[in-house]
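Below is one structure, written out as structure tokens, with a few remarks after it.
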Amino acid sequence: MMFIAFEGIEGSGKSTVLEWLCDRFAGQGVSFLRTREPGGSDIGETLRALLLDARQTIVPEAELFLYLADRAQHVRQVIRPALERGEFVISDRYADSTIVYQGYGRGLDVEELFRLNEIAVGGLWPDMTVLLDVDPAVGLDRARVRNHEQGTDVTEGRFETEELSFHHRIRQGYLAWAKRHPRRFHIVDAALPMESVRAVIVNFMNTLLSHSNK
Ligand code: TYD
């Protein structure tokens, strides 16, 4: 079993990569759980709706505690039990999103956020965090194309509506934070063709698995 989280800005290709990895696990008969933040637990889905809806009016501190509440429930009700059953857990975002969006993005103190996250996750950090790194101009273009294809134009209250400079801060925040946790973070150049992105991820996973089997 292994806990893998995916991080990245909007349009980094997270969903496509997650979809592919889950198909791969399913094809190999590996038991896994796919989950996401915000969301993931029953209460979490309610918090998700609230968060994504309230974003334009919520104060950063209130937003923070909702993300942390979501995570505390998610870890104990969903992630830990799945790992105890021996499953792989693949999460679309996790605690690093709070550090980066609420810290580097909203300007809350990063060290304090780390401590609060520790309480929320109860010491459970991913074995591997894949950061899909891409220039926000490329990412937002992708997100716009996707929204257009799905007939959902830019959703209200999403960070997609923020200024480009906000997304640059998020990208730089991810890179800075990843540098501080070089063993856990694996940075993938998400501007590469999807086959290369996949190959890099498989490589990371194999290395990690061979270490954990030793
Ligand atoms: P979502 O629609 O899932 O976006 P994406 O496809 O980019 O993952 O919305 C999740 C949003 O929540 C995303 O804009 C990042 C934000 N977020 C935070 O600000 N803090 C957090 O702790 C988490 C988990 C997400």
**OP:** Sort out which residues of segment 59-116 are β-branched (Val, Ile, Thr), within 14 Å of the ligand (Cβ to nearest atom) and not in a helix (DSSP H, G or I), and write them in order of number.
**Re:** Val59, Ile90
**OP:** Could you please let me know if Phe159 is within 14 Å of the ligand (Cβ to nearest atom), at pLDDT below 95 and under 25 Å from His74 (Cβ atoms)?
**Re:** yes
**OP:** Could you please find all residues in segment 178-206 being touching a His at 6+ places or on another chain (Cβ under 9 Å) and either part of a loop (DSSP other than H, G, I, E, B) or among the β-branched types (Val, Ile, Thr) (or both)?
**Re:** Val200, Ile201
**OP:** Might you check whether a residue that is within 13 Å of the ligand (Cβ to nearest atom) and within 23 Å of Phe88 (Cα to Cα) occurs anywhere in segment 18-30?
**Re:** yes
Subject >> Leading residue by the ranking (nearest to Arg93 (Cα to Cα)) among those in segment 31-53 that are among the small types (Gly, Ala, Ser) and more than 12 Å from the ligand (Cβ to nearest atom) >> reply: Ser41
**OP:** Determine the pairs where a residue that is among the polar types (S, T, N, Q), located within segment 33-59, has a partner that is in a loop (DSSP other than H, G, I, E, B) with Cβ atoms under 8 Å apart, the partner being 6 or more residues away or on another chain.
**Re:** Gln56/Glu156; Gln56/Gly157
Original post:
Applying the selection to segment 1-52, what residues are of a type in the set (D, E, K, R) and in a loop (DSSP other than H, G, I, E, B)?
Top reply: Glu10, Glu37
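The values are calculated or read from the model by the stated rules, or taken from the named source; none is laboratory data. Since the structure is predicted, the reported quantities are computational estimates derived from the model, not experimental observations. All Cβ positions, even for glycine, are placed from backbone atoms using ideal geometry, and neighbour counts span all protein chains on display.
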